[in-house]
1. Using only Cα atoms, what is the ratio of the radius of gyration of the stretch A:280-338 to 2.2 N^0.38 Å?
2. P(r) for the stretch A:767-816, please, calculated from all Cα pair distances in 5 Å bins and given in %.
3. Less than 11 Å Cβ to Cβ from A:D314, Lys/Arg counted +1 and Asp/Glu -1: what total charge do the surrounding residues give?
4. If you wrap a convex hull around the alpha carbons of the stretch A:314-433, what volume per residue comes out, as a whole number of Å³?
5. As an exercise, take the mean of 1/r over every pair of distinct alpha carbons in the stretch A:593-741, invert it, and state the Kirkwood radius in angstroms.
6. Give me the Debye-computed log₁₀ of I(q)/I(0) at q = 0.17, 0.21 Å⁻¹ for the stretch A:906-961, equal point scatterers on Cα only, no solvent, two decimals.
7. Counting each pair of different Cα atoms once, what's the Kirkwood radius of the stretch A:857-961 in Å, rounded to one decimal?
8. Hey, got the Cα dimensions of the stretch A:790-896 along the principal axes, in Å, largest first?
Amino acid sequence: MSAPPYETHAVERKWQRVWEDKGVYRARAAPARPKFFANVPYPYMNGYQHLGFAVPFLRAEFFSRYKRMTGHNVLFPQAFHCTGLPILGAAERIAEGEPVQVQILRDMGIPEAEIPAFRDPIHWIEVFPEAAALGAAVDWSRLFITTNLNAPYDAFVRWQFRKLKEKGYVQLGKHPVIWCPKDEAPIGDHDRLEGEGVQPVEFTLLKFPIANAFLVAATLRPETVFGQTNLWVDPEATYVKAEVDGESWVVNPRAADKLREQGHAVRVGPTLTGKDLIGKEAVAPGLDQPILVLPSRFLDQGRGTGIVTSVPSDAPDDWMALKDLKADAAQIGALGLDPARIAAIQPIPIIQSEGWGPLPAVEISDRMGIESQMDREKLEAAKAEIYRTGYYTGVMTAAAGEFAGVRVEEAKERIKARLLESGQAATLWEPADPVVCRCATPAIVKIVDNQWFLVYGNAEWKRAAHAALDRLVFFPEAVRKQFHYTIDWLRDWACAHHRGLGTQLPWDDHWVIESLSDSTVYMAYYTIAHALQDGKLRSEVPWAKALTDAFFDYVLLGSGNAGTVAAQVGTDAKLVEHLRKEFLYWYPFDLRNTGKDLVQNHMTFCVFNHVALFPPEQTPRGFGITGFVRLGGRKMSKSKGNVWYLRVALEEWGADVVRMMVANAGGGMDDPKLDLEFAEVARGRLAGWHAFATAKGEGADAPTPLDPWFLSSLNRSVALTREAMQAMEYRIALRTGFFDLQAAWDWYRARVGVPNRQIRDRFVETQTKILAVFAPHVCEEVWQRIGRSDFVVTASFPEARASEVDVRAEASEAFVRRVLDDAREILKVTGIEPKALTLIIAPPWMREASALAASLAREGPVTMSSFMERAMGVGSLQGRPSELAGLAKRLVEDVSRARREDLDRLAMVFDERAYLEAARPFLERQFRCAVAVREAGEPGLVDPKGKARSAMPGRPAIYVE
RNA sequence: GCGGGGGUAGCCAAGCCCGACCAACGGCGCGGGACUUAAGAUCCCGUCCCUUAGGGGUUCGCAGGUUCGAAUCCUGCCCCCCGCACCA
């Protein structure tokens, strides 16, 4: 049991308090200084935050800290989001005592007695803000929440929407919504007992003329009309004859209701049963041939019209129903059908897809051993498989007439359009999967015709958004294409709904702006939030309670005049002018970092809306994208039960370790992986750093021969770390700036025995500063304990000093290392336990020849002859042409494939003997035996195995006793 | 199918844009050693195969190609992940 070296939690709390008290992270415009404005999307406040939020958040935070330490005035604000349905829905469910929702709160550790308080949505919002414990460098004076719970923000969003509407970016349109016929209201995700996330899909209604009416069948596969062989109705089911848009349709009663909700004029007429229809003939749309109406049992009366067209070639349901019927002579007889005609019905090949014969439904039914049309489970799987391959790889056959040879994906749309055009078809919307309202009523789809849209489909707007992307910097660059693609396919977005928390549409208070639409340009609000909010989630600033459009026009757009605006809102002109300056100073933001799930909605909306409201110089400058956080190899997600709450992680590891873990989790397009083993390592290393850095410094006040080498390594580490930080590559930064630097120190210490105290101090200072980005608490503690009076978190990040990069020191140390490695290799291979080592360096002329070759190579390509020519002009080399020629071949080869910077090193002639002599005590410690240094050819050299022959410049021969 | 990102030694993961420093960074795991009463922590060494002298062999999804030289460039193929689409 060893006591922790310092009290992690206590130290972290202490510094968090101090930083806050001293306003270290509070940011105000300072025109003389360069600024950096970073932010992340505000989190939604329906529970405690988990690491899925913390990772993108911290990736932005690290960057903001780095920028602060490299001379920038940094703004890193944070707010909270409560727009939308989840909180409201959850609060209502708590009010109803709904057990699942109650359990969710229990699981988050909410005491039983406090659970009833969550009936009030506002309680949720006020309980959960808890991010400060991460030690994040946030300017909390700009804190706020969204919706009309916070008047100035509410006014801001209303301003935004009025502007968008003025410019024609918000328009009315039609929109299918999942709808509860009993409540007569749309059903949001969080009001559903069943069917979360289910969207409406569009069916094609095929109209089969029969007598003076149409039988109307619903299908999702209009391209299969060429394979129709018959119609299915349920003999026991009830149908109605209804007048729809002036035509007479036969559908089931539910379908009649649905059609009415979808904008059709419907008048329900007489009732009939399935039996009445069976045996009749109707002309099939597309196919243009009469087909029989036959009985089946698999029809779902809740979906479509209760009448289904039969395509036994590609629909396993139809194939099985047909098979069942053919085998059921009794039913055929009872319904008075002609057995011969039924026996004659054969599937028609219409789609050729990869890996399938002409009749996939027949094929798969056989393969899966499907017994009958009631074998629902297998049939669903069969359908899914056939549909998938058919849709992606299928091509229409000759049966499709003019569509022969067209891919299914394309044919589907074209055939549907053709049928609609010719009046042979109509459309019907259904939920893609069953949806049940909280009132237990099954949902239908309603076409709402007064829906407000943000018209992201607008070509002009898209063009401007594309242009804004071209001005953006992406981390990583690879996501840029993703954004362009999203802009292209994005359609109009329904931007308001009837329920939930939010801001009302300014021109129509029946509507509440939905959550992805009220959060597109609010980063601008941060620039003035300190004055509007005064550090409170819900503003209590009197004059900010009634902000006008003129206020935002002036502050954010620069139109109008400060005096007028000030008088209007009841504050003074100076303040209004000041806010305009804050905005101009900070905006646009330099980095917004989010999870990659937001690329196709929020982040793209952000670009669109900036383009709509602000001039080009104020559209976003940098977007960072983070993958999906993985824990234990699995994606972190609430629904999969693989969540790690921030408060739990912080409790267990402390903020610094959690931050290190996040930095190490990896960036780019990869999913960041939280590695608990690394956390363990990091915990130890941070504690170790604290202990080392704050210990009474061992060492002497005297230079060592290794000082230049260590400083050189240190500067290289710093340079690489800066490069990595600038690219948000934190794992690399951690490696170069922490682990590699530590390894360099370990080597230095092992080499010199007693370090130079000055070097040690330099190491401590540099390391503490670098590490402060990731582990600010430990570093601040160290900083204070080594006697610094400022804050390390605002200190300047180490500079790479070119003057301290010492190529010669690096070369000589690489030489020592090479000797060490070579000797080890020999010992390993031979298995000899050494009694003594003799290092035999190459003779001086060889070393000169080597350096000559390298310096020639720096000037241009070297050949044997050009080298020899020059070498023969050098005094010490003249006397030995044959020996030189032998060496030259190898030198020329080595030198011609070396890199530029290695040549610089190779070109140096240095005193190998002196270096090895100096390193002798170290080598002797390493090998635990005597080490001698000799030179090839010197008198009295003991070399029984003739090793001296293999001595080369930079690689002494080694003789082991 | 469309768009994007990938496949590197037991695992994680650099390198690939800008071909030679690459048997291929680093971490984990594993083996050995130092330190310690011991454990842990820490530090050092090793960890594709062969090798009693610093060497050799075979590797970077698969198959070809370009090149004096390819993990890196080109062509084709296979597989994985994300988004879209789609799932009567």
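Any read-out appearing in this document is the output of simple, stated calculations on the displayed coordinates, not a laboratory observation. The structure displayed is predicted, hence computed values, not measured ones. Quick reminder, even Gly has a Cβ in these numbers, built from the backbone with ideal geometry, and neighbours come from all protein chains shown.
1. Details: Rg = 12.1 Å, N = 59, 2.2 N^0.38 = 10.4 Å.
This ratio for the stretch A:280-338 stands at 1.17.
2. 4, 20, 20, 13, 10, 12, 13, 8, 0
3. Details: positive: A:R221, A:K383; negative: A:E223, A:D317, A:D318, A:E363.
Summing Lys and Arg as +1 and Asp and Glu as -1 gives -2.
4. On the way: hull volume 18.2 nm³, N = 120.
Given the Cα convex hull of the stretch A:314-433, per-residue volume reads 152 Å³.
5. Working: mean 1/r = 0.0536 Å⁻¹.
It works out to 18.7 Å.
6. One equal scatterer on each Cα of the stretch A:906-961 leads to -0.61, -0.91.
7. Hydrodynamic radius (Kirkwood, Cα only) of the stretch A:857-961 equals 16.1 Å.
8. 66, 45, 22
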